[in-house]
Each structure stands twice: as C-alpha cells, then as structure tokens.
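All of the numbers you see were taken from the coordinates with simple rules; none came from a lab. This one's a predicted model, so the numbers in the text were calculated from it and none came from an experiment. Cβ sites come from the backbone with ideal geometry, for glycine too, and all protein chains shown count toward neighbours.
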Amino acid sequence: MRTTVNLTPDVAAEVARMRREEGLGTSDAVMALARRGMQRSAAGAAAKPFTQRTARLGARVDLSNIAEVLDLLDDA
C-alpha cells in the first residue's frame, strides 16, 4: 500500500538514524517504529492495571451514614 505520511522532526530524525545505523529503507524504518509503538502500548496496558489512589482528608464525621452527613452540611 502506498500512502503519504507527514513526520514530525523527532520521528523523522529517528527514521534517519535507523536508516543510517541499521541500513533500513524509509518504509522499513517507519514500519519498525510503528510496530515498536504498538507492542509498547499493548504491553503497557496489560502490565499496569489501574489502581485508585486515596488520600486522608481529615474528615471527622462518620461518612458511612450519608443521611447524617447531609444533615450536618445542611445545618452549616
């Protein structure tokens, strides 16, 4: 498949480096970079599951009883 791609300067520099150091053609270098990016995104999603961060807020109210909390907020 033939297509036109606009490369940002940093990507173009990496393509040029790969062509020079690894002896690849432009298409092969772009394909290698694309495959590398796809592998990293697939591995990154599987390797690090989402965890919710928590922090102490210093609440001095029992937050398990929402009705009581709402009453306290209404009084203020």
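Multiply the residue separation of GLU22 and ASP10 by 0.36 nm, subtract the distance between their alpha-carbon atoms, and state the gained length in nm to one decimal.
2.6 nm is the gain from fully extending GLU22 to ASP10.
Please state the equivalent ellipsoid semi-axes for the chain: what are the square roots of 5 times the Cα gyration tensor eigenvalues, largest first, in whole Å?
Values for the chain, descending: 56, 14, 12 Å.
Please give the net charge around VAL69, taking every other residue with its beta carbon less than 13 angstrom from that of VAL69, where Lys and Arg add +1 and Asp and Glu add -1.
Counting the neighbours of VAL69, the net charge comes to -4.
Helix-derived [θ] at 222 nm for the chain: sum -39500 (n - 2.57) over DSSP H runs of at least 4, divide by residue count, nearest 500? Working shown, then result.
Details: 3 runs with 46 residues, N = 76.
It comes out at -20000 deg cm²/dmol, rounded to the nearest 500.
So which DSSP H runs in the chain come out at 15 Å plus along the axis (Cα) with average Kyte-Doolittle of at least -0.5?
26-47
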